[in-house]
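S.K.: Please find one structure pasted underneath; my questions will follow.
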């Protein structure tokens, strides 16, 4: 009991605070208990901590707001990319009648305004890019095959001898004719029927001046009995390029072009590769 009284006496002991103005006004003294001073100090510290806490939260809020703005911009950008990829895939599928490799895009509503699921959106973009990439790769491959496949007539002339067995006009024996003969005036332009690279351009004993072109994908073509070759070995050729001038060199009975098509080392009937002029 005695200790409590002593403690209360000390706590309630007044403290004089003297306020001295700079003017001529008399100083003012204020008597305040020790407990009031201690309470004021505690309240000041608590207030300071609260202000600091609010300031920190305000800074964090600004950072979060900036991050949200950045994420929103990224979302809109990826959404635009997503829509473009979807449209590109639809156009490819409609144009070439190809089925999509994934079904994720078909189940996504372009008008959906749900939550910002960035990870799901990234997966959709990757899937769409993969699908479009596969379609474009397939188209590029098919285009290469198309350009490498012989097509059309090498010269504008008349078919004088077909592919298959026949009586040879010079040797008068029944032999297999591995190509087709096209009668043309001498000096006519001989054109390549597919893209490729010249593998031979020169003289042979029976076929005279011959030009051979390798097209890739197993295809090669030969043009024989020419008067002159206008290409060299290793030269890259496009379909329709002039490669020789027709003639009657080698074992021949008149000016014509002997035309052969080979696939994987076996000769084929060129008639199956002719088209309307």
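Where a number appears in this text, it was derived from the coordinates with a stated rule and is not lab data. Since the structure is predicted, the reported quantities are computational estimates derived from the model, not experimental observations. Cβ placement follows ideal geometry from the backbone for every residue including glycine, while neighbour counts extend to all protein chains displayed.
S.K.: Based on other C-beta atoms within 10 Å, arrange 195, 83 from fewest to most.
M.R.: Fewest-to-most ranking of 195, 83: 83, 195.
S.K.: Shape verdict for the stretch 158-273, please, from the Cα gyration tensor: rounded (a/c under 1.5), prolate (a/b greater than b/c) or oblate.
M.R.: oblate
S.K.: Given a Förster distance of 41 Å, report the FRET efficiency between residue 55 and residue 26 from their Cβ-Cβ distance, rounded to the nearest 0.05.
M.R.: So, using R0 = 41 Å, E works out to roughly 0.50.
S.K.: Turning to a different aspect of this structure: Could you order peptides 130-137, 70-77 by the average number of other Cβ atoms within 10 Å of their residues, highest first?
M.R.: Packing proxy ranking, top to bottom: 130-137, 70-77.
S.K.: Then there is this: Taking the beta-carbon count within 10 Å as an exposure proxy, list 176, 200, 219 from fewest neighbours to most.
M.R.: Result, fewest neighbours first: 176, 200, 219.
S.K.: Moving on to the next point. Between residue 39 and residue 123, what is the label-to-label distance in nm when each label sits 7 Å out along the Cα-to-Cβ direction?
M.R.: 6.1
S.K.: How much length is gained if the chain between residue 74 and residue 166 is pulled fully straight, taking 0.36 nm per residue apart and subtracting their Cα-Cα distance, in nm to one decimal?
M.R.: 25.8 nm is the gain from fully extending residue 74 to residue 166.
S.K.: Give the order of 163, 259 when sorted by the count of other beta carbons within 10 angstrom, beginning with the fewest.
M.R.: 163, 259
S.K.: First check a/c for the stretch 203-248, with a ≥ b ≥ c the square roots of the eigenvalues of its C-alpha gyration tensor; if it is under 1.5, answer rounded, and if not, answer prolate when a/b is larger than b/c or oblate otherwise.
M.R.: Prolate shape, in that a/c is at least 1.5 and a/b is the bigger ratio.
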